[in-house]
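See structure below.
Nothing in this text is a laboratory measurement; each read-out follows from the coordinates by a stated rule. Model, not experiment: these values are computed from the prediction. Positions of Cβ are generated from backbone atoms using ideal geometry, with glycine treated the same way; all protein chains shown enter the neighbour counts.
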Amino acid sequence: MRPPVHDDAGAVLDQVEVTGLRAFGRHGVFPEERREGQTFLADVVLHLDSREAAGSDDLAATVSYADVAEEAVAVLAGEPADLLETVAARIAERALRHRAVRAVDVSVHKPEAPLTVPFTDVTVSVRRHQDRAGVLDARPPAPVEFVVAVGANLGDAATTLRRATAELANHLGVELTALSPLARTAPVLAPGAAPQPDYLNAVLVGRTTLSPRELLGLCHAVEAAHGRQRLERWGARTLDLDVISVGGIVAADDHLELPHPRAHERAFVLRPWLAAQPDATLPGHGRVADLAADADGELEWVAGPWADVGLPADTGTGEDH
Ligand SMILES: Nc1ncnc2c1ncn2[C@@H]1O[C@H](COP(=O)(O)OP(=O)(O)OP(=O)(O)O)[C@@H](O)[C@H]1O
Ligand SMILES: Nc1nc2c(c(=O)[nH]1)N=C(CO)CN2
């Protein structure tokens, strides 16, 4: 095991290790190294939280070491660099594009390095961490899954939710793949708050090429277009769009936290989400089915289709739950 990397809560991350990756490359400072080439090797240790993947036995919840290995070998065999440090950093950068990878150790070996003395190996090792703030602003290289929870308890809530859902679905870089049925839910209020009307809630699942920040901005724009005013925390509202998760990212800054910090305890999020996506997991919290079973909150399904957006597959808008 490499020295551990800790997550934000101080827990040691798991390690996935690939060693002895080998390729013919042309890295080096000397012209003959560029001309003749030589063998390079790499060891890669991925630091990640494997609990979700272990719970669901689903490769999508972790990272394929085969992909990381191929990417590392492509760097070894690829564009020549003067320094092993550069080669190691390139491999690390490729590995960190996999969002599940929180940190990575890369060692690059050059056992045929042009030294004038007997030696066994030359190794350069680097450790790199996920740029956690940057991750919230980065557009994913390929579409990633997102989950948005919608709610309203002022005005014609059903019409607002239908229109807001269509506005999201029609936005460039956003595609909806599953919709929960509509639920009527008892308001979850701050202690001592005045009573409020029941909410209508639903959950939208989709794929996006927007950055998480852009998706939040889009949600705010749709809220504003429907007259949302932020007067008090947890106040009654014409429309509320919460970004629950994007691409499995676990990251936070002052304006955006992923996954949504209260989603794991909210029946009005979890139960519709489960209905839309029975095998869903909430990054850092586990299976939505388990979380939904533990969450308190009164909820009653509103029968019938409630949104008119084209989905790639027939999904449960209004079937029995
Ligand atoms: N994952 C997220 N989704 C939506 N807003 C978020 C998220 N993370 C942080 N925020 C921030 O929270 C701020 C308050 O959001 P909002 O007014 O919708 O809160 P709320 O709906 O009253 O309460 P709650 O956040 O508990 O749902 C937003 O301006 C936004 O910047
Ligand atoms: N039932 C219900 N209660 C809430 C809701 C909501 O969407 N549904 N949203 C809140 C703040 O986002 C606070 N309380």
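For the chain, modelled as a Gaussian network with Cα springs under 10 Å, which listed residue fluctuates most, Asp254, Asp294, Asp67?
Greatest mean-square fluctuation among the candidates belongs to Asp254.
Considering the chain as a Gaussian network with a 10 Å cut-off on Cα pairs, which listed residue, Ala183, Ala193, Ala280, attains the greatest mean-square fluctuation?
Ala193
So how do Leu154, Leu168 line up by other beta-carbon neighbours within 10 Å, fewest first?
On the way: Leu154 18, Leu168 23.
Going from least to most buried by this count: Leu154, Leu168.
If I take all pairs of Cα atoms in the chain, what percentage of them are more than 25 Å from each other? List each step's numbers first, then the result.
Working: 29220 of 51360 pairs.
For the chain, the fraction of Cα-Cα distances above 25 Å is 57 percent.
So for region 102-242, taking the charge dipole from beta-carbon charges (+1 Lys/Arg, -1 Asp/Glu), which of Phe119, Ala169, Ala157 sits furthest toward the positive end?
The residue sitting farthest along the positive end of the dipole is Ala157.
List Leu115, Leu21, Leu299 from most exposed to least, where exposure is judged by having the fewest other Cβ atoms within 10 Å.
Going from sparsest to densest Cβ surroundings: Leu115, Leu299, Leu21.
Per residue Cα convex hull volume for region 14-130, in cubic angstrom? Intermediate results must be reported in sequence, preceding the final value.
Details: hull volume 10.2 nm³, N = 117.
Value for region 14-130: 88 Å³ per residue.
For the residue pair Ser64 and Glu112, what label-to-label distance in nm results when each label sits 7 Å from Cα along the Cα-to-beta-carbon direction?
3.0
About the Cα centre of region 165-225, what is the dipole size in debye to 20, counting +1 per Lys and Arg Cβ and -1 per Asp and Glu Cβ, all else neutral? Don't skip to the end; give the middle numbers.
Numbers: 3 positive and 5 negative charges, 24 e Å.
Rounded to the nearest 20 debye, it is 120 debye.
For the chain, find the longest principal axis of its Cα atoms and tell me its angle to the long axis of helix 267-276, 0 to 90°, nearest 10.
70
For helix 157-169, what angle does its Cα long axis make with the longest principal axis of the chain, in degrees from 0 to 90 and rounded to 10?
So the inclination is approximately 30 degrees.
Given a cut-off of under 8 Å on Cα pairs at least six residues apart, what relative contact order in percent is computed for the chain? Before the final figure, lay out the partial values.
Details: 660 pairs, mean separation 52.4, N = 321.
Reported relative contact order: 16 percent.
Place a +1 charge on the Cβ of each Lys and Arg in region 144-302 and a -1 charge on the Cβ of each Asp and Glu, then give the dipole magnitude about the Cα centre in debye, rounded to the nearest 20. Can you show the working numbers first?
Numbers: 13 positive and 20 negative charges, 57 e Å.
Dipole of region 144-302, to the nearest 20 debye: 280 debye.
Select from His220, His171, His27 the residue whose mean-square fluctuation is largest in a Gaussian network model of the chain (Cα-Cα springs shorter than 10 Å).
His171
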